[in-house]
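One structure is given below, encoded as C-alpha cells.
The values are calculated or read from the model by the stated rules, or taken from the named source; none is laboratory data. No experiment lies behind these values; they were computed from the predicted model shown. Here the Cβ is made from the backbone with ideal geometry for all residues, glycine too, and neighbour counts use every protein chain on show. Protein only, heavy atoms only, side chains kept; ligands, DNA and RNA dropped before computing areas. Shrake-Rupley method; radii C 1.70, N 1.55, O 1.52, S 1.80 Å.
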Amino acid sequence: MKIDICNVSKRFSRSDGSDNIVLDNISFSADSGDFVVILGESGGGKTTLLNMLAGIEMPTSGEIFVDEIKIDGMDPSRSMLFQQPVLIPWLNVKDNVAYGCKLRGDTDNLDYRVYQFIEMMGLLGFENAKPSSLSLGMAQRVCLARALVGHAEMLLLDEPFASLDTFTQAHIQEELVNIWLSERFTAVFVTHDINEAILLGNKIILLGGYPGSVKGTYNIEDEYPRNINASSFKGYRADILANLKEAHVGSRKFFQ
Ligand SMILES: Nc1ncnc2c1ncn2[C@@H]1O[C@H](COP(=O)(O)OP(=O)(O)OP(=O)(O)O)[C@@H](O)[C@H]1O
Ligand SMILES: [Mg+2]
C-alpha cells in the first residue's frame, strides 16, 4: 500500500489550555512494499504519527493518503502493533493470536497459521497460557504473531522489540525481515534505536526537534540480512548521527 503524508501537523491541548504542537508540517511518501522506519527520540511524536496512519488519531492539518485514498478512520488492511502489548486477558495465547482473523471470518487454515506464527515467535508450549502468566517480551511476541497472522497489507509497528532481550530481539528482527521479504507488505516501524533502523528499513525517516519535523530521509539499499559491522552500515550510521547533531534535536544526547 502506497503512503503519502502531506503537510501533516498535530497539536494537542495541555491541561492548562495551552497548545502542544507535536508534529510540524510532516511530508513523506513510501511505495507499496517499502519497509519504512521512523526514527526519533522519545516524546518526538512517533506514536502520534503512527496513530494517524492507523486512523486512530486525525491530523490537525494536512492529509494522509493510503493508495491515494484519504485516511478517515481505522481499517483492517492496516494492522497495528502497539508500544504496550494489548491482549485479551481471558483468552489464551492461541485464541489471542486468532482473534482478529476470527472476527473478520478469515478462518482458512487458521489453526495451522496460528501455530506457524506461535512457533516463529518462540512461544511453542505456551499456546494455552493466559496473558497474565507471560513476561512482557512474551506478550509482545504474541501481539506480533497476532499482527502477522492476518497477512495485513500494511503493518504499523510501534517500538515492538523494545522489551525483548538482545538475543530474542535479534531473532525476531530477522524473522520479521524474512516475512516481509516473502510477503512484501508495507511496514512502518517506529524506533529510537539507530542500529535497529538500519538493520530493518529500506527507507528511514528521521524525525527530530520540538515540534517534530522530518530531518532526513535515507534509502538503505544494502542486502538483507544486514551486518552492523559492514562499512556501509557504519556510513549510514555516521550520516544519520551527523544530521542529528546538526539539527540539535532535543536536549538529550541519546545516540552516542
Ligand atoms: N492523546 C494525547 N493527548 C495529549 N498529548 C499527547 C497525546 N498523545 C501524545 N501526546 C503528546 O505528544 C507528544 C509526543 O508523544 P508521542 O507518544 O507521539 O511520542 P513518541 O515519539 O512516541 O515517544 P516515545 O518514544 O517515548 O514512545 C508528547 O509531548 C505527548 O505528551
Ligand atoms: Mg511512542
Which numbered condition L244 fails, given (1) open to solvent by less than 40 Å² (accessible area, probe 1.4 Å); (2) farther than 30 Å from M138 by Cβ; (3) part of a loop (DSSP other than H, G, I, E, B):
(3)
Of all residues in the stretch 1-36 being out of contact with any Lys or Arg (no Cβ under 7 Å at 6 or more places or on another chain) and within 16 Å of ligand 2 (Cβ to nearest atom), which is nearest to V188 (Cα to Cα)?
I26
For the stretch 14-38, enumerate the residues that are more than 10 Å from ligand 1 (Cβ to nearest atom) and open to solvent by less than 50 Å² (accessible area, probe 1.4 Å).
S18, I26, F28, A30, G33, D34, F35, V36, V37
When you go through S213, S231 one by one, which is the residue that is farther than 30 Å from A145 by Cα and surrounded by fewer than 19 Cβ atoms within 10 Å (Cβ to Cβ)?
S231
Quick one: is Y218 of a type in the set (S, T, Y) and over 18 Å from the mean Cα position of the chain (by Cα)?
no
Filtered residues of the stretch 80-102 (kept if more than 16 Å from ligand 1 (Cβ to nearest atom) and assigned to a loop (DSSP other than H, G, I, E, B)):
L87, I88, P89, W90, L91, N92
For the subset of the stretch 151-169 comprising residues that are out of contact with any strand residue (DSSP E or B) (no Cβ under 6 Å at 6 or more places or on another chain) and of a type in the set (G, A, S), which member is nearest to ligand 1 (Cβ to nearest atom)?
A162
Strands (runs of 3 or more DSSP E) enclosed by the stretch 170-235 - at least 1 residues per element that are in contact (Cβ under 8 Å) with a residue 40 or more places away in the chain, under 21 Å from F82 (Cα atoms) and touching a strand residue (DSSP E or B) at 6+ places or on another chain (Cβ under 9 Å):
186-191, 203-208
When the stretch 95-153 is examined, which residues are found to be under 21 Å from S163 (Cβ atoms) and among the β-branched types (V, I, T)?
V97, I118, V142, V149
Going through the stretch 47-99 in order, the residues found to be within 16 Å of ligand 2 (Cβ to nearest atom), modelled with pLDDT of 95 or more and open to solvent by less than 40 Å² (accessible area, probe 1.4 Å) are T48, L49, L50, N51, M52, L53, A54
Determine whether the stretch 172-189 contains at least one residue that is more than 30 Å from D111 (Cβ to Cβ) and surrounded by fewer than 19 Cβ atoms within 10 Å (Cβ to Cβ).
no
For G209, the lone unmet condition from (1) touching an Asp or Glu at 6+ places or on another chain (Cβ under 6 Å); (2) at positive phi is (1)
For the stretch 39-86, enumerate the residues that are farther than 22 Å from L199 by Cα and of a type in the set (V, I, T).
T48, I56, T60, I64, V66, I69, I71, V86
